[in-house]
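The values are calculated or read from the model by the stated rules, or taken from the named source; none is laboratory data. As the structure is a prediction and not an experimental result, all values here were calculated from the model. Cβ atoms come from the backbone with ideal geometry, glycine included; neighbour counts cover every protein chain shown.
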């Protein structure tokens with residue numbers, strides 16, 4: 001099952017490689033991994049999208065907690081949460097494509113953030129599945145380039161991951 | 001005030017940190033990046049530096065110093081090849097959870113990343129095999145980093161911690177102040193076990209029909225032997241131990257069923273498979289211990305697991321009653337609870353359980369065919385036990401001789417059996433003996449090895465001479481890489497691919513060349529006399545080359561993929 005794991009860790013050189021190294025050394029899957037400093041510059045917040053059986057996820061959480069630099073770990077799937085990912089897609093915008101792309105962008109509530117003679121760059125935010133759906137609905141020949149940030153997640157309501 | 005504002009170099013600060021930690025020995029090898037540090041060592045005499053002949057040996061010696069004393073082992077190596085040579089030693093300590101602090105030199109900060117001479121990414125290379133590591137980038141951080149390193153290494157589940165220090169940092173100046181305490185918001189290991197869980201565990205254990213205790217290295221590392229003995233004696237239940245846990249419970253006690261696992265005793269493995277309540281203490285259900293996991297689980301039992309590391313619990317086997325905590329503290333709580341509540345036990349069932357165990361013991365799985373012509377390796381170990389009154393510190397290398405030492409030298413005390421259980425590193429035996437002998441100068445120290453393993457760190461014969469270490473090397477020389485040969489005999493139809501050792505040196509002359517005493521023993525009748533003669537030379541390093549039966553195998557044996565109760569015994573072949 002797909003799980004989104006959030007963690008806070010000391011914002012120190014090499015911290016990211018400790019996490020990445022753990023996943024590769026123990027053969028755990030990483031679908032995506034995003035990391036940036038928080039409002040407290042000494043802490044980094046990381047979101048890892050992974051998958052595995054309940055036992056594997058339990059081990060992943062334990063192994064992450066075991067890393068000395070990791071302050072807190074939360075499996076977002078243990079409660080309600082919101083997931084968002086940002087995607088930038090450069091698409092062909094010539095002839096009939098030009099109108100079609102604008103229409104698709106509106107349907108998915110994206111924004112065109114760059115316009116050139118032959119192309120548009122569309123910004124789209126949403127869950128991973130929404131971004132997948134957008135890609136699916138485009139004519140493959142029209143896609144010039146895509147770039148995705150990987151998921152970020154946060155608990156709903158009072159659910160807070162903080163030191 | 002005057003004192004604390006005095007400016008010291010980074011190297012001097014580092015030495016002061018080691019003094020603050022009451023370090024007695026450091027094991028190391030100098031080189032360019034650590035020259036400032038070595039100069040600072042020259043100016044002090046609070047700790048002794050042991051100069052090895054290869055960095056790997058420095059790590060192993062520091063590791064064994066720790067294993068035999070419980071203190072943190074300290075090693076010092078230079079950048080680049082010094083650090084890469086140390087990696088095997090670090091990984092060995094990591095796999096067996098040994099507390100160590102390793103200081104490695106690094107090229108100057110301004111040269112990092114420029115492929116400088118003797119540069120390597122030491123923090124990157126060692127990351128997967130340390131508990132934690134640090135790169136110190138400012139002289140002001142040395143003291144706090146060292147304090148953290150010692151704290152992290154020796155708390156929670158122990159392990160090696162590496163501190164990488166660039167050369168320029170060791171020359172920079174700063175005032176020295178050693179932090180009195182250390183607090184890490186991201187690291188707060190649990191020590192006390194959950195009392196509710198402990199109660200639950202005790203209830204299960206006392207109500208069990210066929211209880212069994214399986215103790216591991218955690219009992220030795222956690223100095224919990226005394227509490228474990230009390231628990232077993234009060235409840236009167238059987239106990240087995242992993243390779244790493246030997247000595248955690250006295251082997252001479254009738255409740256001790258011997259080591260379990262791939263080369264464990266028949267009675268230990270059968271009881272482990274057949275018990276209805278299993279208490280695992282500081283052990284981790286390793287593949288060499290429980291054999292085929294599915295087969296192990298095919299017999300239903302309730303499992304209680306005490307471990308300091310939450311990630312060890314339910315890693316390979318699902319645990320019914322997990323207790324996260326320091327084994328010593330948890331066992332002490334358990335003993336207190338027994339004293340207070342005096343729980344009733346299932347005595348009739350327990351008696352019939354022991355009757356069953358005695359029947360298994362009756363198979364006498366450790367018997368072997370004695371010979372009047374060939375020296376049997378098991379016999380050498382038995383005689384070693386006799387000659388040393390069972391009180392020696394025994395280090396071993398890795399292979400058949402390691403298993404025979406574990407099987408035929410019953411340990412009654414913890415920290416006496418020093419070997420590489422997790423990583424299985426050939427070549428540890430001699431440097432391990434060095435670390436042990438330095439820590440216990442008056443003790444009898446035996447290094448049980450083979451002609452394969454000993455050659456992986458043979459250069460340390462020179463170190464032993466320099467520091468007059470009266471180690472006794474017990475080499476079981478069968479001219480084969482014995483364990484490899486045994487597997488090739490069983491699983492590869494006797495195709496002994498590259499497992500025969502040809503062109504061996506004359507070990508007697510080799511020992512003599514290094515200034516030691518060498519002896520070669522070829523007759524079974526000479527074994528005891530040679531051992532007595534060697535141990536009588538209390539101030540000399542003696543190298544005993546026992547020419548043993550080439551084809552002897554280690555039994556019992558559980559083949560790869562087989563279950564605990566599917567052992568091959570010697571008599572069956």
Discussion item. Take residue B:160 and tell me if it is farther than 28 Å from residue B:255 by Cα, within 14 Å of chain A (Cβ to nearest Cβ) and in contact with a strand residue (DSSP E or B) (Cβ under 6 Å, 6 or more places away or on another chain).
Written reply: yes
Worksheet item: If you go through the stretch B:286-311 one residue at a time, how many are surrounded by fewer than 24 Cβ atoms within 10 Å (Cβ to Cβ), closer than 24 Å to residue B:156 by Cα and within 14 Å of chain A (Cβ to nearest Cβ)?
Response: 3
Discussion item. Taking the condition of being surrounded by fewer than 21 Cβ atoms within 10 Å (Cβ to Cβ) and away from every other protein chain (no Cβ under 14 Å), how many residues in the stretch B:98-119 meet it?
Written reply: 9
Fill in: helices (runs of 4 or more DSSP H) (entirely within the stretch B:22-121) containing at least 1 residues that are closer than 27 Å to residue B:422 by Cα and under 19 Å from the mean Cα position of the chain (by Cα)
B:55-69, B:81-95
Item to complete: For residue B:247, indicate whether it is within 25 Å of residue B:354 (Cβ to Cβ), touching a helix residue (DSSP H, G or I) at 6+ places or on another chain (Cβ under 8 Å) and in a loop (DSSP other than H, G, I, E, B).
Response: yes
Item to complete: State yes or no: is residue B:182 in a loop (DSSP other than H, G, I, E, B), within 13 Å of another protein chain (Cβ to nearest Cβ), touching a residue at least 24 places away in the same chain (Cβ under 8 Å) and over 14 Å from residue B:17 (Cβ atoms)?
Response: no
Discussion item. Checking the structure you have, find out if any residue of the stretch B:321-337 is crowded, with 16+ Cβ neighbours inside 10 Å, within 30 Å of the chain's Cα centre (by Cα) and within 14 Å of chain A (Cβ to nearest Cβ).
Written reply: yes
Worksheet entry | Criterion (on the phi < 0 side of the Ramachandran plot and away from chain A (no Cβ under 13 Å)) met by exactly one of B:170, B:145, B:126 | B:170
Worksheet item: Where residues in the stretch A:68-83 are more than 10 Å from chain B (Cβ to nearest Cβ) and surrounded by 16 or more Cβ atoms within 10 Å (Cβ to Cβ), which of them is farthest from residue B:157 (Cα to Cα)?
Response: A:83
Item to complete: Evaluate the following for residue B:91: is it away from chain A (no Cβ under 14 Å) and in contact with a helix residue (DSSP H, G or I) (Cβ under 8 Å, 6 or more places away or on another chain)?
Response: no
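Any residue at all in the stretch B:53-74 that is more than 30 Å from residue B:216 (Cβ to Cβ), away from every other protein chain (no Cβ under 14 Å), modelled with pLDDT of 95 or more and surrounded by fewer than 24 Cβ atoms within 10 Å (Cβ to Cβ)? Break it down stepwise before answering.
First, the residues of the stretch B:53-74 that are more than 30 Å from residue B:216 (Cβ to Cβ): B:53-54.
From what's left, away from every other protein chain (no Cβ under 14 Å): B:53-54.
Narrowing the set further to residues that are modelled with pLDDT of 95 or more leaves B:53-54.
Add one more test, that the residue is surrounded by fewer than 24 Cβ atoms within 10 Å (Cβ to Cβ), and what stays is B:53-54.
Yes, there is a match, as at least one residue in the stretch B:53-74 is more than 30 Å from residue B:216 (Cβ to Cβ), away from every other protein chain (no Cβ under 14 Å), modelled with pLDDT of 95 or more and surrounded by fewer than 24 Cβ atoms within 10 Å (Cβ to Cβ).
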Discussion item. I'd like to check something: does the stretch A:50-59 contain any residue that is crowded, with 16+ Cβ neighbours inside 10 Å, in a helix (DSSP H, G or I) and at the interface with another protein chain (Cβ under 9 Å from one of its Cβ atoms)?
Written reply: yes
Practice prompt. For residue A:88, indicate whether it is more than 16 Å from residue A:153 (Cβ to Cβ), crowded, with 16+ Cβ neighbours inside 10 Å and within 15 Å of the chain's Cα centre (by Cα).
Written response: yes
Worksheet item: Restricting to strands (runs of 3 or more DSSP E) lying wholly in the stretch B:442-543: which have 3 or more residues that are surrounded by fewer than 22 Cβ atoms within 10 Å (Cβ to Cβ)?
Response: B:517-521
Practice prompt. Please work out which residue is farthest from the other protein chains (Cβ to nearest Cβ), limiting yourself to the stretch A:29-49 and to residues that are under 22 Å from residue B:315 (Cβ atoms) and part of a loop (DSSP other than H, G, I, E, B).
Written response: A:29
Worksheet entry | Condition met for residue A:128 (modelled with pLDDT under 95 and touching a strand residue (DSSP E or B) at 6+ places or on another chain (Cβ under 6 Å)) | yes
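Looking at B:421, B:435, B:427 in this structure, which one is at pLDDT 95 or above, part of a loop (DSSP other than H, G, I, E, B) and farther than 24 Å from residue B:382 by Cβ?
One residue alone meets the criteria, B:427.
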Worksheet item: What about residue B:561, is it surrounded by fewer than 21 Cβ atoms within 10 Å (Cβ to Cβ), more than 25 Å from residue B:430 (Cα to Cα) and at pLDDT 95 or above?
Response: no
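Okay, residues lined up against (1) more than 14 Å from chain A (Cβ to nearest Cβ); (2) at pLDDT 95 or above; (3) crowded, with 17+ Cβ neighbours inside 10 Å; (4) in a loop (DSSP other than H, G, I, E, B):
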site: B:188; (1), (2), (3), (4): no, no, no, yes
site: B:193; (1), (2), (3), (4): yes, yes, yes, yes
site: B:196; (1), (2), (3), (4): yes, yes, no, no
site: B:203; (1), (2), (3), (4): yes, yes, no, no
site: B:209; (1), (2), (3), (4): yes, yes, no, yes
site: B:213; (1), (2), (3), (4): yes, yes, yes, no
Fill in: Residues satisfying the stated conditions in the stretch B:264-283, i.e. in a loop (DSSP other than H, G, I, E, B) and crowded, with 24+ Cβ neighbours inside 10 Å
B:264, B:265, B:275, B:282, B:283
Response to the item:
Conditions (1) away from chain B (no Cβ under 14 Å); (2) without any contact (Cβ under 8 Å) to a residue 60 or more places away in the chain; (3) crowded, with 16+ Cβ neighbours inside 10 Å -> residue A:65 fails only (1)
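Could you please let me know if residue A:162 is in contact (Cβ under 8 Å) with a residue 40 or more places away in the chain, under 30 Å from residue A:9 (Cβ atoms) and within 14 Å of another protein chain (Cβ to nearest Cβ)?
yes
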Worksheet entry | From the options A:120, A:134, residue that is assigned to a helix (DSSP H, G or I), crowded, with 19+ Cβ neighbours inside 10 Å and in contact (Cβ under 8 Å) with a residue 24 or more places away in the chain | A:134
Worksheet entry | Selection count, the stretch A:1-28, where residues are more than 10 Å from every other protein chain (Cβ to nearest Cβ), surrounded by 14 or more Cβ atoms within 10 Å (Cβ to Cβ) and part of a loop (DSSP other than H, G, I, E, B) | 2
